[in-house]
Amino acid sequence: MSEIVKLPLIGDRAPEFTAQTTKGVIDFPREYKGKWVVLFSHPADFTPVCTTEFYAFADRAGEFKALNTELIGLSIDQVYSHMKWTEWIKEKLGKEIPFPVIADSTGKIATKYGMLHPEANGTQAVRAVFILDAEGIVRAILYYPLSVGRNMDEILRLLKALQVADKESVALPANWPKNELIGDKVIVPAPSSEDEVKERLKKYEGYDWWFCYRKLE
């Protein structure tokens, strides 16, 4: 009987692994403690959509770095393929890939993280994104099909929103920071007592006691 693999969910500690990358061996997530991480997989090197994604991640790498966040790529290719591909991107497109790319030729890491979807293509990792916080906890998971590239604006927005939610103990509305109902404001957590309910609309703006919001400090 094959071993049952428990896939990581939001709130779980990220599965550990040691892997060869284009920047050397990494011990994940231990050596990234204190940093947020965006771990993302792609189906294969030398493919058009993946090339546009790597260019886009590299182009915005400074913005991720400013958010105390490290980027890490992964696919089921050999490290030599990764290095030749990133070399091609630098030579042909003028963009250096500053982040490590994991060589997961056996597929063990992709399997641990649920990046292999048989209905998509059992031999290729789908376009998965795992956002980990500074303690190595999975905070968000995104999956995209092989045919659609990822949106850097949304990944950065999600990352910023998670960090703001943690720092300010608030929730973030749809389309934050430009919500149609409350603009750039943030949502105040639900009250924990009847006494607090009575004070809600005296203290905050809101549509009702259960829907209050405020500006960020």
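Things worth noting here:
- Count of the stretch 21-48 residues, restricted to those that are of a type outside the set (Gly, Ala, Ser) and in a loop (DSSP other than H, G, I, E, B), is 10.
- Test set (1) assigned to a helix (DSSP H, G or I); (2) buried (at least 21 other Cβ atoms within 10 Å of the Cβ); (3) modelled with pLDDT under 95 - Asp77 fails condition number: (1)
- Verdict on Phe99 being in a helix (DSSP H, G or I) and within 19 Å of Ala125 (Cβ to Cβ): no
- Condition met for Val138 (outside any loop (DSSP other than H, G, I, E, B), touching a Ser or Thr at 6+ places or on another chain (Cβ under 9 Å) and among the aliphatic types (A, V, I, L, M)): no
- Pair list, Cβ < 8 Å and 6+ apart or interchain, from the stretch 122-148 residues that are over 20 Å from Lys108 (Cα atoms) to residues that are among the aromatic types (Phe, Trp, Tyr): Asp133/Trp36; Ala134/Trp36; Ala140/Phe130
- Condition check for Gly34: surrounded by fewer than 18 Cβ atoms within 10 Å (Cβ to Cβ), modelled with pLDDT under 95, within 26 Å of Arg139 (Cα to Cα) and out of contact with any Lys or Arg (no Cβ under 9 Å at 6 or more places or on another chain): no
- Within the stretch 107-146, considering residues that are of a type in the set (Ser, Thr, Tyr) and farther than 25 Å from Phe64 by Cβ, the one modelled with the lowest pLDDT: Thr123
- One residue from Thr86, Thr51, Thr18 being closer than 21 Å to Ser147 by Cβ, polar (S, T, N, Q) and not in a loop (DSSP other than H, G, I, E, B): Thr51
- Restricting attention to the stretch 174-214, the residues being part of a loop (DSSP other than H, G, I, E, B), under 30 Å from Ala56 (Cβ atoms) and either touching a residue at least 40 places away in the same chain (Cβ under 8 Å) or among the polar types (S, T, N, Q) (or both) number 1.
- Any chance Pro8 is outside the structural domain of Val129 (by TED's automatic domain parsing) and in a loop (DSSP other than H, G, I, E, B): yes
The values are calculated or read from the model by the stated rules, or taken from the named source; none is laboratory data. Remember, it's a predicted structure, so these values are computed and weren't measured experimentally. Glycine also receives a Cβ, built like all others from the backbone with ideal geometry; neighbour counts cover every protein chain displayed.
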